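Student: Have a look at the structure that comes next, please.
The values are calculated or read from the model by the stated rules, or taken from the named source; none is laboratory data. Model, not experiment: these values are computed from the prediction. Virtual Cβ from ideal backbone geometry, glycine too; neighbours counted across all protein chains shown. Side chains included, ligands, DNA and RNA excluded: accessible areas come from the protein's heavy atoms. Shrake-Rupley method; radii C 1.70, N 1.55, O 1.52, S 1.80 Å.
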Number of protein chains: 2
Amino acid sequence: MPALLSASAFALFAQKGFDGVNLDQIASHAGVTKGSLYWHFRSKHELVKAACTHYYRHYQRQINEEIAHLIDPGERLRHTLAVAVRTCLLDEANRVFTMEIFTLAVHDPEIRRGWQQFYDSVRCFYIGLVKAASLAGAVQTNDPEQAVNLMLATMEGIKLRALFEPEICSSEHELRVLRGLERILGMTPTPPIAV
Amino acid sequence: MPALLSASAFALFAQKGFDGVNLDQIASHAGVTKGSLYWHFRSKHELVKAACTHYYRHYQRQINEEIAHLIDPGERLRHTLAVAVRTCLLDEANRVFTMEIFTLAVHDPEIRRGWQQFYDSVRCFYIGLVKAASLAGAVQTNDPEQAVNLMLATMEGIKLRALFEPEICSSEHELRVLRGLERILGMTPTPPIAV
DNA sequence: GAAAACGCATACTGCGCGGTATGGTCGATG
DNA sequence: CATCGACCATACCGCGCAGTATGCGTTTTC
């Protein structure tokens with residue numbers, strides 16, 4: 001039941017924002033009442049943290065599954081980017097939730113540390129991909145870490161643009177954005193692969 | 001007095017967030033009371049919009065002043081970027097306020113439209129700079145609009161990173177970020193200029 | 001100089017919602 | 001079968017705060 005409540009919290013937070021949802025709604029969404037909710041969580045803040053953890057786990061599992069079947073380092077990197085871009089442009093819940101986290105993180109050190117940790121693991125993951133792809137000759141960068149940092153920043157920015165310009169959430173723009181990220185990473189241009 | 005209240009609202013919002021500040025505090029900051037505040041603004045929402053307008057105006061005036069004395073198109077672009085990067089990394093109030101706007105814009109169409117309009121004007125401004133610099137030979141891009149879009153996305157992402165990694169707010173990182181943005185725009189590398 | 005309009009302060013209301021107090025049900029334990 | 005604790009529902013509290021009612025001094029208008 002705690003897991004179900006976390007999932008409900010995430011779903012509602014990612015739809016209406018932290019301040020747009022009250023505890024009654026979350027409990028109701030999980031099929032229980034507020035009294036039960038407070039048996040598992042001490043406060044709304046605890047529930048927010050639980051929703052964050054839910055998000056982190058979900059994200060990392062998804063990205064691992066997506067490239068589990070690929071062996072070629074270049075393809076692994078390329079496919080990871082493609083999935084990430086698609087998520088940025090199409091997964092509105094993701095966009096909304098991360099925006100909420102960011103704003104909260106500004107004023108809440110605990111939430112901020114959680115996101116820092118998550119983001120570090122994502123960065124390490126990408127650096128590993130880039131280094132492997134570099135050895136395989138699919139990438140030409142003299143500073144993988146710097147390139148990944150720049151690319152990740154761009155990706156976050158893309159998410160913001162998607163928020164304000166729904167028209168860029170098309171497959172045409174998807175490709176263009178992907179090309180941009182690949183250029184930032186120093187990837188050697190190759191024909192697109194199916195996603 | 002409305003202008004003073006807008007400025008107070010902006011200052012406090014940019015420090016504690018929209019939900020971290022109440023109307024009494026804003027009125028007090030402006031040296032009046034809530035009764036007076038409601039004489040000039042019909043609701044807290046109106047005040048938020050006023051704070052946004054305050055921000056838009058301030059931003060555009062500042063950027064225009066910064067490059068007013070420059071004539072060479074390449075230098076104009078380079079200096080604009082330098083100032084923008086410095087703002088992203090050092091101006092914490094700016095970061096906090098824009099984050100707040102973004103989160104609000106997700107759920108509020110009116111705020112969203114306001115930001116879209118502002119962002120469009122910023123984009124046009126940059127495209128103009130890039131095209132001029134391109135004619136002057138300081139930039140090599142076949143698609144200025146696309147390049148500016150990517151660069152602006154990266155800049156927003158940098159702001160986010162600055163939020164979570166205070167250590168990148170150093171002059172060393174500032175230069176590195178600047179180089180990254182210039183590369184995205186396709187600028188021909190030249191020795192740095194004093195800011 | 002009366003009256004209207006403006007600009008502000010004081011005091012109050014209403015309510016949404018986070019949090020609590022309490023009691024009921026059901027399975028495990030001995 | 002008595003008891004204890006995990007799990008959940010109902011009902012309630014209280015507080016922060018957006019928004020309102022009202023009144024008072026000062027300026028403008030004719």
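Student: Okay, helix-only estimate at 222 nm for the protein assembly as shown: each DSSP H run of n ≥ 4 adds -39500 (n - 2.57), divide by all residues, round to 500 deg cm²/dmol; what do you get? All intermediate terms of the calculation are to be shown ahead of the outcome.
Tutor: On the way: 18 runs with 300 residues, N = 390.
Counting only the DSSP helices, I get -25500 deg cm²/dmol.
Student: Follow-up question, since we're still on this one. Once the convex hull of the C-alpha atoms of the protein assembly as shown is built, how many Å³ does it hold per residue, rounded to a whole number?
Tutor: On the way: hull volume 59.3 nm³, N = 390.
It is 152 Å³ per residue.
Student: I need the inter-copy label distances for B:MET1: point set 7 Å along Cα to C-beta, values in nm with one decimal, smallest first.
Tutor: Label point to label point, same position, other copies: 5.5 nm.
Student: Now, a different point. State, to one decimal in nm and shortest first, how far the label point of B:ILE127 sits from each corresponding label point in the other identical copies (label point: 7 angstrom along Cα-to-Cβ).
Tutor: Listed shortest first, these distances are 3.8 nm.
Student: Accessible surface of B:GLU100 in the full protein assembly, 1.4 angstrom probe, to the nearest 10 Å²?
Tutor: Accessible area, nearest 10 Å²: 20 Å².
Student: Could I ask something else about it? Which whole-Hz couplings ³J(HN,Hα) result when phi for each residue of the range B:13-23 is put into the Karplus expression 6.51 cos²θ - 1.76 cosθ + 1.60, θ = phi - 60°, listed in order with x for Gly and Pro?
Tutor: Values, residue by residue: 4, 6, 10, 10, x, 4, 8, x, 10, 10, 5 Hz.
Student: Further, regarding this structure: Return the whole-Å distance between the Cα centroid of the range A:1-56 and the Cα centroid of the range A:71-90.
Tutor: 31
Student: Let me ask something additional. Using only Cα atoms and rounding to the nearest 10 degrees, what angle (0 to 90) does helix A:44-67 make with the longest principal axis of chain A?
Tutor: So the helix axis and the longest Cα principal axis differ by about 30 degrees.
Student: Right, here's the next one. Near the amide H of A:MET187, under 5 Å away, which other amide H atoms are found, from residues 5 or more places off or on another chain, if H is placed in the peptide plane?
Tutor: A:GLN140
Student: Hey, another quick one. From the backbone phi of the range A:136-152, what are the Karplus-calculated ³J(HN,Hα) couplings (6.51 cos²θ - 1.76 cosθ + 1.60, θ = phi - 60°) in whole Hz, Gly and Pro given as x?
Tutor: Per-residue couplings from phi come out as 7, x, 8, 9, 10, 9, 8, 9, x, 4, 4, 5, 5, 4, 5, 5, 5 Hz.
Student: Convert each backbone phi in the range A:122-134 into a coupling constant with the Karplus relation 6.51 cos²θ - 1.76 cosθ + 1.60 (shift: θ = phi - 60°), then list the ³J(HN,Hα) values in order as whole Hz, x for Gly and Pro.
Tutor: Ordered by residue, 3J(HN,Hα) equals 5, 4, 4, 4, 5, 4, x, 4, 5, 4, 4, 5, 5 Hz.
Student: Could you work out which residue, out of A:PRO166, A:PRO73, A:PRO144, moves most in a Gaussian network model of chain A, that is, has the largest mean-square fluctuation with Cα springs under 10 Å?
Tutor: Top of the fluctuation ranking is A:PRO166.
Student: Please report, as a whole percent, how much of the solvent-accessible surface of the protein assembly as shown comes from carbon and sulfur atoms (probe radius 1.4 Å).
Tutor: Values: 9830 of 18130 Å².
Accessible surface attributable to carbon and sulfur in the protein assembly as shown totals 54 percent.
Student: Pick from A:LEU135, A:LEU163, A:LEU37 the residue whose mean-square fluctuation is largest in a GNM of chain A, springs joining Cα atoms under 10 Å.
Tutor: Ranking A:LEU135, A:LEU163, A:LEU37 by mean-square fluctuation puts A:LEU135 first.
Student: Once the Cα atoms of helix B:73-90 and of chain B are each reduced to a long axis, what angle between those two axes, in degrees from 0 to 90 to the nearest 10, is obtained?
Tutor: So the inclination is approximately 40 degrees.
Student: If you don't mind, there's one more thing I want to ask. Starting from the Cα of A:LYS131, draw a straight line to each of the aspartates and glutamates and keep only those under 12 Å, dropping any in the same chain fewer than 8 residues away.
Tutor: The qualifying aspartates and glutamates are A:ASP143, A:GLU145.
Student: Moving to a separate point now. Kindly provide the pair-distance distribution of the range A:70-195 built from C-alpha pairs, with 5 Å bins from 0 and whole-percent values in order of increasing distance.
Tutor: 2, 11, 20, 21, 20, 14, 9, 3, 1
Student: Further question on the same structure: Taking a cut-off of 17 Å between Cα atoms, list the aspartates and glutamates near A:LYS49, but don't count ones fewer than 8 places away on the same chain.
Tutor: A:ASP19, A:GLU100, A:ASP108, A:GLU110
Student: What is the P(r) of the range B:1-53, as percent of Cα-Cα pairs per 5 Å bin from 0?
Tutor: 5, 25, 40, 25, 5
Student: Inter-copy label distances at A:GLU46, 7 Å along the Cα→beta-carbon direction, one decimal in nm, shortest first?
Tutor: Here the equivalent label points are 4.2 nm apart from this one.
Student: Another question, then. How large is the convex hull of the Cα atoms of the range A:119-177 per residue, expressed in Å³ as a whole number? It would help to have the intermediate numbers written out before the result.
Tutor: Working: hull volume 5.3 nm³, N = 59.
Hull volume over Cα atoms, normalised by residue count, gives 89 Å³.
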